[in-house]
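The values are calculated or read from the model by the stated rules, or taken from the named source; none is laboratory data. In this text the structure is predicted, and so the values were computed from the model without any measurement. As a convention, Cβ positions derive from the backbone with ideal geometry for all residues, glycine included, and neighbour counts pool all protein chains shown.
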Amino acid sequence: MIKNKIFEILTSLRFFFLVVFLIIFFFNFLDIFLFELTRTFHGNFFIFFKDIIDPLSDIFDPLNVIISCFIVLVVNLNIQSILRNNKKLEVIKLKTNFKAEKIFSLYNYIGLVSKHFIYSLTLAGILCNVFKYFFGVSRPKYFFLEDYERINFFNLEHKVSSFPSGHTQAAFTLAILLIIYLNRFTLFILMIAVLLALSRIFMSMHFPSDLIAGAYLGSIVPIIIYNIYFKCEIEDISKKYRINLRDLLKLLYYRINI
């Protein structure tokens, strides 16, 4: 599949070195120029990113997604023992028109996907904050207005936690997770992730190199976790059954209401 080929490229050593080169090049030669260039854009660009795009980052905040997935895991808890109750199993079979094997498999699928979301968003967020602390790159507004140095190693201050961009990392982690499981709307999902990343420049919070690092980190973490821990089971279930969101939501509903 094309998607798997792209994922292989993203996680390859060559692509890693390319990203490192781009980050260093942008940091030293293009960051300040590009940031200052955006200051010459029409005010409507700033209004668009501030009032329309930036609020999306609050809606899709990683903590909100992690809590939602955790709730799904709790709801899905002990499903195997519950489904051994023949009466409850028969009710679900009657309501969904699924065979018992498919019901077990889809509940397992729901648990795997929820864990993948939790692990990916958590690990990517932790790594992002470790890099922020280590490099201590100043945010544009403080670099220009308060004469901060570009790099302030080992610093917890918010003013120097620009690299990598946490919002960009979160946007791309969530985007890759959705692309893995939805198998559709790929360009739209990536477009939203890119717009969320660009909004950080227009909000004066990040330089372009911060976005490159955040996008790369956010992209590779869910792919690596998927390949190591989830790919085999997820693909086995997907080959046996046609997975769609409606069926999964239906099973969760009946899990709560039987």
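Contact map, region 128-143: first residue touching a residue at least 12 places away in the same chain (Cβ under 8 Å) and surrounded by fewer than 21 Cβ atoms within 10 Å (Cβ to Cβ), second residue in a helix (DSSP H, G or I) and among the small types (Gly, Ala, Ser), Cβ cut-off under 8 Å, separation 6 or more or different chains; pairs are Asn129/Gly166; Phe131/Ala213. Which pairs turn up if I take residues in region 10-25 that are at pLDDT 95 or above and look for partners that are aromatic (Phe, Trp, Tyr) and not in a helix (DSSP H, G or I) with beta carbon separation below 9 Å, at least 6 apart in sequence or on another chain? What qualifies is Ile23/Phe163.
Report, by residue number, each residue of region 202-242 that is of a type in the set (Phe, Trp, Tyr), surrounded by 20 or more Cβ atoms within 10 Å (Cβ to Cβ) and in a loop (DSSP other than H, G, I, E, B). If the condition is that a residue be of a type in the set (Phe, Trp, Tyr), surrounded by 20 or more Cβ atoms within 10 Å (Cβ to Cβ) and in a loop (DSSP other than H, G, I, E, B), then Phe207 is the only one that fits. Here Ile223, Ile212, Ile192, Ile201 are screened, and the one residue that is modelled with pLDDT of 95 or more and more than 24 Å from Ile24 (Cβ to Cβ) is Ile192.
Note on region 148-171: among residues that are part of a helix (DSSP H, G or I) and hydrophobic (A, V, I, L, M, F, W, C), the one that is farthest from Tyr133 (Cα to Cα) is Ala171. Exactly one residue out of Phe15, Phe26 is of a type outside the set (Val, Ile, Thr) and either in contact with a Leu (Cβ under 6 Å, 6 or more places away or on another chain) or farther than 30 Å from Lys141 by Cα (or both): that is Phe15.
For Ser238, the test of being polar (S, T, N, Q) and farther than 30 Å from Phe134 by Cβ is passed. Candidates Leu73, Leu89, Leu77: the one that is at pLDDT below 95, touching a Leu at 6+ places or on another chain (Cβ under 7 Å) and of a type outside the set (Phe, Trp, Tyr) is Leu89. Within region 101-113, can one find any residue that is more than 21 Å from Gln80 (Cα to Cα) and touching a residue at least 60 places away in the same chain (Cβ under 8 Å)? No, region 101-113 contains no residue that is more than 21 Å from Gln80 (Cα to Cα) and touching a residue at least 60 places away in the same chain (Cβ under 8 Å). Give the residues of region 28-63 that are surrounded by 12 or more Cβ atoms within 10 Å (Cβ to Cβ) and among the polar types (S, T, N, Q), sorted by residue number. Once the filter is applied, which keeps residues that are surrounded by 12 or more Cβ atoms within 10 Å (Cβ to Cβ) and among the polar types (S, T, N, Q), region 28-63 yields Thr38, Ser57. Of all residues in region 78-89, none are of a type outside the set (Gly, Ala, Ser), closer than 30 Å to Leu145 by Cα and buried (at least 17 other Cβ atoms within 10 Å of the Cβ).
In region 177-189, which residue that is of a type outside the set (S, T, N, Q) and assigned to a loop (DSSP other than H, G, I, E, B) is modelled with the lowest pLDDT?
Arg184
Would it be correct to say that Leu174 is out of contact with any helix residue (DSSP H, G or I) (no Cβ under 9 Å at 6 or more places or on another chain) and either at negative phi or part of a helix (DSSP H, G or I) (or both)? Spelling it out, it is not the case that Leu174 is out of contact with any helix residue (DSSP H, G or I) (no Cβ under 9 Å at 6 or more places or on another chain) and either at negative phi or part of a helix (DSSP H, G or I) (or both).
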